[in-house]
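This report concerns only the one structure given below.
The values are calculated or read from the model by the stated rules, or taken from the named source; none is laboratory data. As the structure is a prediction and not an experimental result, all values here were calculated from the model. In this analysis, Cβ positions are derived from the backbone assuming ideal geometry, glycine residues included, and neighbour counts consider all displayed protein chains.
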Amino acid sequence: MNTVQSNIKKAKNYLDKNHCIAVPTETVYGLAGNAYSDFSVKKIFKLKKRPSNNPLIVHYYNLKALEHDCIINEDFKKLYNKFSPGPITYVLKLKKNSKISKFVTNNKNTVAIRFPKHPLLRRLLKVLSYPLAAPSANISSKLSSVQPSDVKEEFGRKLKYILKGGRCSIGVESTIINLTDNASILRLGGLSVSKIKKIIKKQILIKNKSKNKISPGLFSLHYSPGIPLRMNVKKPNKGEAFVLIKKRKINSKNYFFLSKNNNLIKAARNLYPLIRKIKNKGYKKIAVEKIPNIGIGQTINDRLERASKY
Ligand code: TXA
Ligand code: MG
């Protein structure tokens with residue numbers, strides 16, 4: 001048995017025994033447990049210190065695995081064929097006889113589901129007899145984890161096992177679309193809204209800031225680095241770490257770059273680790289220059305805005 005096979009086996013053993021483990025996805029690491037087990041799901045909430053009214057995303061291998069749990073519709077099929085597996089989460093209606101634990105959904109009749117693309121997690125999902133409930137692997141309201149060392153920093157020895165799958169290729173969470181009603185975006189994420197619009201060819205409301213929070217996880221304090229952060233800064237104040245979108249010739253030790261040359265995809269990938277690094281260096285404040293609000297830049301600005309609510 002090679003290392004990958006033996007790690008998958010280890011991960012499966014833990015999950016089969018209702019333990020929680022960390023798993024890699026293409027967006028961020030997840031804190032996973034058996035979505036059909038009340039016991040596992042309750043453990044996830046406890047480890048993460050997550051309020052019980054904030055429902056979890058359920059991760060499936062493919063459509064066949066999903067059939068018993070959710071009611072699918074035309075928009076879902078179109079999007080699934082184009083973007084799954086990938087960084088998009090669908091909110092669908094639950095089937096009456098679904099096996100998903102009521103703690104996943106907080107007793108609601110809708111559920112958020114997604115098909116992650118990371119090859120290691122796909123191999124694991126394929127050998128499990130249940131889907132995985134998995135929120136991002138961080139303590140509630142803190143920065144998400146995009147590499148095994150982040151997960152360790154968040155949970156220390158409280159977590160039994162991390163299935164190590166390197167650094168996440170996208171680095172920000174999935175885009176969440178509600179398909180139980182008129183299509184609407186509940187969270188901006190790794191897949192841009194313009195790409196989604198091209199496929200379902202209709203108006204999509206962006207509700208990520210709406211007062212009536214359908215997604216409780218979108219409470220404004222989120223992705224918090226634990227120190228104040230301000231946006232659209234031209235010049236930093238004394239003592240502030242200054243985050244720039246592209247590399248400059250300035251050689252100040254408090255300057256940090258999200259990408260070499262204004263690449264928003266790379267900037268998204270670097271966002272959480274860079275903020276983590278700045279905090280771990282002992283800075284007490286962060287200033288960020290203006291980030292172009294296009295494509296995944298919209299997601300970066302969304303996360304910064306929430307982080308700035310500290
Ligand atoms: O990329 C991702 O989506 C990562 C990886 C691990 O898959 N997961 C993730 O999970 O970001 P989490 O728990 O950090 O965020 C899930 C969001 C929360 O804001 C939650 O409120 C929302 O999804 N959500 C879950 N179920 C929902 C439902 N039935 N209706 C509306 N929003 C829902
Ligand atoms: Mg999260």
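General observations
- Residue tally, condition touching a Cys at 6+ places or on another chain (Cβ under 6 Å) and either among the polar types (S, T, N, Q) or away from ligand 2 (no atom under 16 Å from the Cβ) (or both), over region 28-57: 1
- Residue identified as within 26 Å of residue 188 (Cβ to Cβ) and in contact (Cβ under 8 Å) with a residue 60 or more places away in the chain among 65, 35: 35
- The residues in region 153-182 that are under 15 Å from the mean Cα position of the chain (by Cα) and modelled with pLDDT under 95 can be counted, and the count is 0.
- Being buried (at least 17 other Cβ atoms within 10 Å of the Cβ), of a type in the set (A, V, I, L, M) and over 25 Å from residue 187 (Cα atoms) is a condition met by no residue of region 98-107.
- Counting only helices (runs of 4 or more DSSP H) wholly contained in region 101-189, the ones carrying 1 or more residues that are over 19 Å from residue 85 (Cα atoms) occupy 102-105, 148-155.
- Selection of region 28-44 for residues being surrounded by fewer than 22 Cβ atoms within 10 Å (Cβ to Cβ) and touching a Phe, Trp or Tyr at 6+ places or on another chain (Cβ under 7 Å) yields 36, 38, 42.
- Region 1-59, subset more than 8 Å from ligand 1 (Cβ to nearest atom) and hydroxyl-bearing (Ser, Thr, Tyr), residue nearest to residue 103 (Cα to Cα): 52
- Scan of region 158-199 for residues that are in contact with a Gly (Cβ under 6 Å, 6 or more places away or on another chain) and aliphatic (A, V, I, L, M), ordered by number: 170, 172
Conditions (1) more than 27 Å from residue 49 (Cβ to Cβ); (2) crowded, with 24+ Cβ neighbours inside 10 Å, marked per residue:
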{"position": "129", "(1), (2)": "yes, no"}
{"position": "141", "(1), (2)": "no, no"}
{"position": "146", "(1), (2)": "no, yes"}
{"position": "153", "(1), (2)": "no, no"}
{"position": "189", "(1), (2)": "no, yes"}
{"position": "192", "(1), (2)": "yes, no"}
{"position": "197", "(1), (2)": "yes, no"}
